[in-house]
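Report on the structure given below.
The values are calculated or read from the model by the stated rules, or taken from the named source; none is laboratory data. Worth saying up front: this structure is predicted, and the values here are computed from it rather than measured. Ideal geometry is used to build each Cβ from the backbone, glycine not excepted, and the neighbour counts take in all protein chains shown.
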Amino acid sequence: MGVEIQIDQLTKSFGKQLIWGDVTLTVPAGEICVMLGPSGTGKSVLLKTLIGLLKPDKGSVVIEGTDIASCPEKDLYEIRKLFGVLFQDGAMFGSMNLYDNVAFPLREHTRKTESEVRDVVMEKMDLVGLIGAEDKLPGEISGGMRKRAGLARALVLDPQIVLFDEPDSGLDPVRTSFLNQLIIDLNAQTDATFLIVTHDINTARTVPDNIGLLYHKHLAMFGPREMLLSSEEPVVRQFLNAQRVGPIGMSEEKDADELAAEQGQDLPPLPPIPLQQEPSNGIPRRGQRPPGEWCRENGVTPPDGSFESTNAGIAV
Amino acid sequence: MSSITASRALAPIGTAGKLFAFGLDVGRALFRRPFQLREFLQQAWFIASVTIVPTALVAIPFGAVIALQVGGLIKQFGAQSFTGSASVLAVVREAGPIATSLLIAGAGGSAIAADLGARKIREELDAMMVLGIDPIQRLVVPRVLACMLVAVFLNGLVSVVGVAGGYVFNVVLQDGTPGAYLASFTALAQLPDLWQGMAKALIFGLIAAIVACYMGMNAGGGPKGVGDAVNESVVITFLLLFVVNFVMSAIYFQLVPPKTG
């Protein structure tokens, strides 16, 4: 069973520079959420705050009744055992081979015998397709392999919450879609809570149950996938459809002149909402909702051609 | 504007405070189970392997130069029979701990700072914390203890090699007599000299390891940050060790009166 993360009024700044302020959202238990945002909006900082690596200036992150932002270090180390985290570069221990890396949490936290450890490690290595590479050092393999090894290590303690920091950066499109399928299947098997930080639109459109968008130092929107994909809100619409027209500019938000120049331009029509990726065994996940349900319940007409394929449907 | 200047001026004090707090954290983690025996042995072996040979090589000229200086000076006083005693005092009391500290900081400390710094910038330390493991307990405590242990042994090594080097220099090159050199050992030197040398080495090892670990774990800003951390850790350790050496020597002379007769 997954665990809920309640984030309330979270604010973080480095020195005088505000990263984001008043972020309030609840990551529902057992569901897959994606946190989107333009580069440099503090998505990774948010992730690190959720696991207590960074202290927020104010606000709280409550998991199973413990506030990560203010609890003593001892409780923090306890609560972190619920987490599995995949770092951007995998963060493998450079001095150990892949096998020892994946076995590390088991050896530190459990009293399993070496043969039991071996069974678990091999199962996870198989899951991420790294059988045969156990003896390699992290420095000897490609970034994509390091990432997959990092995922194996994150999953080895059967975590209740899995956090991904850009799982798709540095992976080729085929591996990315395999990884997305793996995330869906893992969620179906374990009912763990997944939070994925990314800016890959394809992932964001087809994988999650919920989407959040960080923009301009605040949480622009957080809600069910269909709500954001059918949203007319300019920022959300621009980002989720990878368009140039809209409030987001090259460096940060656009200035008034640029926005004024875009006044007359018509926004391209919303592309159809794709179907959500399904578990490979076909049995629906607990967090999954029937396609179009949210739109029907809220009286929103989805764009033409929605829910017909899992094609991401990005307007070109 | 004034607040920026003030915060700049006060920054070193903040760093000193953080370093001290880090030291306290290490002290607390020292007693937390499980003790990382494997890591401790690996580190002790590693630090010993990078320091033993340079230490021995440094100790020989150290002993020789002391024998040269003291021998010349003592000849002027006309007290050649005390040459051995004087060089033992100089080597065991001061040269041993100082040479040890230079090597521990320069070879052992820089390696520790580089290792932890590389782990820090590659997010390995974050990953470790996220896996529910305290890097201070898992990585820093074994390194600190290993450094202290190796420092004490190195101090012994420097003492032996330094005294032997002084013997060779004095007897072979300065026409001293072997009997006088050996017989005068106990004339001025006493057993507490040896203890204080060991105590100094122990403290120096502690300081070098804590500074190196602190600098490594707070490295930032990519590969350059690691280089800076190593550099700073060696410089800061040297400064601290010479100050601490002076203080400990002063205390020692207050506690243990010099031998007379």
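Anything in the range B:156-188 that is assigned to a helix (DSSP H, G or I) and among the hydroxyl-bearing types (Ser, Thr, Tyr)? List them, or say none.
Let us first name the residues in the range B:156-188 that are assigned to a helix (DSSP H, G or I), namely B:156-173, B:178-183, B:185-188.
B:159, B:167, B:181, B:186 - these are the residues of the range B:156-188 that are assigned to a helix (DSSP H, G or I) and among the hydroxyl-bearing types (Ser, Thr, Tyr).
Those residues that are loosely packed, with under 14 Cβ neighbours inside 10 Å and either assigned to a helix (DSSP H, G or I) or among the aliphatic types (A, V, I, L, M) (or both), I need them from the range B:243-261; list them, please.
Selection gives B:243, B:246, B:247, B:250, B:251, B:253, B:254, B:255.
Filter the range A:71-102 down to the residues that are more than 17 Å from the chain's Cα centre (by Cα) and among the polar types (S, T, N, Q), then identify the one that is farthest from the other protein chains (Cβ to nearest Cβ).
A:97
Which residue is farthest from residue A:75 (Cα to Cα), if the candidates are limited to the range A:33-55 and must be free of Cβ contacts under 8 Å to residues at least 40 places away in the same chain and touching a helix residue (DSSP H, G or I) at 6+ places or on another chain (Cβ under 7 Å)?
A:53
Taking the range B:114-147 only, how many residues are basic (Lys, Arg), under 17 Å from residue B:25 (Cβ atoms), within 12 Å of chain A (Cβ to nearest Cβ) and buried (at least 24 other Cβ atoms within 10 Å of the Cβ)?
Selection size over the range B:114-147: 0.
Report, by residue number, each residue of the range B:1-43 that is of a type in the set (A, V, I, L, M, F, W, C) and touching an Asp or Glu at 6+ places or on another chain (Cβ under 9 Å).
B:29
Can you find a residue that is over 14 Å from residue B:237 (Cβ atoms), buried (at least 24 other Cβ atoms within 10 Å of the Cβ) and within 14 Å of chain A (Cβ to nearest Cβ) anywhere in the range B:86-105?
Among the residues of the range B:86-105, not one is over 14 Å from residue B:237 (Cβ atoms), buried (at least 24 other Cβ atoms within 10 Å of the Cβ) and within 14 Å of chain A (Cβ to nearest Cβ), which makes the answer no.
Here's a check for you: in the range A:43-68, which residue that is part of a loop (DSSP other than H, G, I, E, B), surrounded by 21 or more Cβ atoms within 10 Å (Cβ to Cβ) and not β-branched (Val, Ile, Thr) is farthest from the other protein chains (Cβ to nearest Cβ)?
A:56
With respect to residue B:164, is the statement that it is more than 14 Å from chain A (Cβ to nearest Cβ), more than 21 Å from residue B:52 (Cβ to Cβ) and modelled with pLDDT under 90 true?
Considered against the rule, which asks whether it is more than 14 Å from chain A (Cβ to nearest Cβ), more than 21 Å from residue B:52 (Cβ to Cβ) and modelled with pLDDT under 90, residue B:164 comes out as no.
Among the residues of the range B:212-228, write down those that are within 22 Å of residue B:104 (Cα to Cα) and in a loop (DSSP other than H, G, I, E, B).
The answer is B:218, B:219.
Out of the range A:179-231, which residues are of a type in the set (Ser, Thr, Tyr), closer than 23 Å to residue A:299 by Cα and in contact (Cβ under 8 Å) with a residue 60 or more places away in the chain?
A:206, A:230
Taking only pairs six or more apart or across chains, which ones have beta-carbon atoms under 7 Å, a first residue in the range B:109-131 that is over 17 Å from residue B:141 (Cα atoms), and a second residue that is at pLDDT below 90 and basic (Lys, Arg)?
Correct list of pairs: B:130/A:80.
With respect to residue A:158, is the statement that it is surrounded by fewer than 20 Cβ atoms within 10 Å (Cβ to Cβ), among the acidic types (Asp, Glu), within 14 Å of chain B (Cβ to nearest Cβ) and farther than 23 Å from residue B:122 by Cα true?
In short, yes.
Residues are listed down the side, and each one gets a yes or a no for (1) in contact with a strand residue (DSSP E or B) (Cβ under 9 Å, 6 or more places away or on another chain); (2) over 18 Å from residue A:30 (Cβ atoms):
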site: A:202; (1), (2): no, yes
site: A:205; (1), (2): yes, yes
site: A:209; (1), (2): yes, no
site: A:214; (1), (2): yes, yes
site: A:217; (1), (2): yes, yes
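Looking only at residues that are in contact (Cβ under 8 Å) with a residue 60 or more places away in the chain and β-branched (Val, Ile, Thr) in the range B:237-260, which one is farthest from residue B:112 (Cα to Cα)?
Residue satisfying both the conditions and the ranking: B:256.
Of (1) surrounded by fewer than 19 Cβ atoms within 10 Å (Cβ to Cβ); (2) in a loop (DSSP other than H, G, I, E, B), residue A:92 satisfies all except one. Which?
All conditions pass for residue A:92, except number (1).
Give me a count of the residues in the range A:104-140 that are within 14 Å of chain B (Cβ to nearest Cβ), under 25 Å from residue A:166 (Cβ atoms) and aliphatic (A, V, I, L, M).
1
Could you please give the count of residues in the range A:152-170 that are within 13 Å of the chain's Cα centre (by Cα) and either in contact (Cβ under 8 Å) with a residue 40 or more places away in the chain or more than 20 Å from residue A:130 (Cα to Cα) (or both)?
Selection size over the range A:152-170: 8.
How many residues are loosely packed, with under 13 Cβ neighbours inside 10 Å and of a type in the set (Gly, Ala, Ser) when one looks only at the range B:164-196?
Within the range B:164-196, residues that are loosely packed, with under 13 Cβ neighbours inside 10 Å and of a type in the set (Gly, Ala, Ser) number 1.
Considering each residue of the range A:211-266, count those that are over 23 Å from the mean Cα position of the chain (by Cα) and either among the small types (Gly, Ala, Ser) or outside any loop (DSSP other than H, G, I, E, B) (or both), and give that number.
11
Can you confirm whether residue B:240 is over 16 Å from residue B:88 (Cβ atoms) and under 12 Å from the mean Cα position of the chain (by Cα)?
So residue B:240 passes the test.
(1) in a helix (DSSP H, G or I); (2) at the interface with chain A (Cβ under 7 Å from one of its Cβ atoms); (3) not polar (S, T, N, Q): which one isn't true of residue B:153, the others all being true?
(2)
Does any residue in the range A:272-298 that is farther than 22 Å from residue A:201 by Cβ and among the hydroxyl-bearing types (Ser, Thr, Tyr) come within less than 8 Å, Cβ to Cβ, of a residue that is at pLDDT 80 or above and not in a loop (DSSP other than H, G, I, E, B) six or more places away or on a different chain, and which pairs are these?
A:280/A:181; A:280/A:184; A:280/A:185
Within the range A:15-32, how many residues turn out to be at negative phi, in contact (Cβ under 8 Å) with a residue 24 or more places away in the chain and in a loop (DSSP other than H, G, I, E, B)?
3
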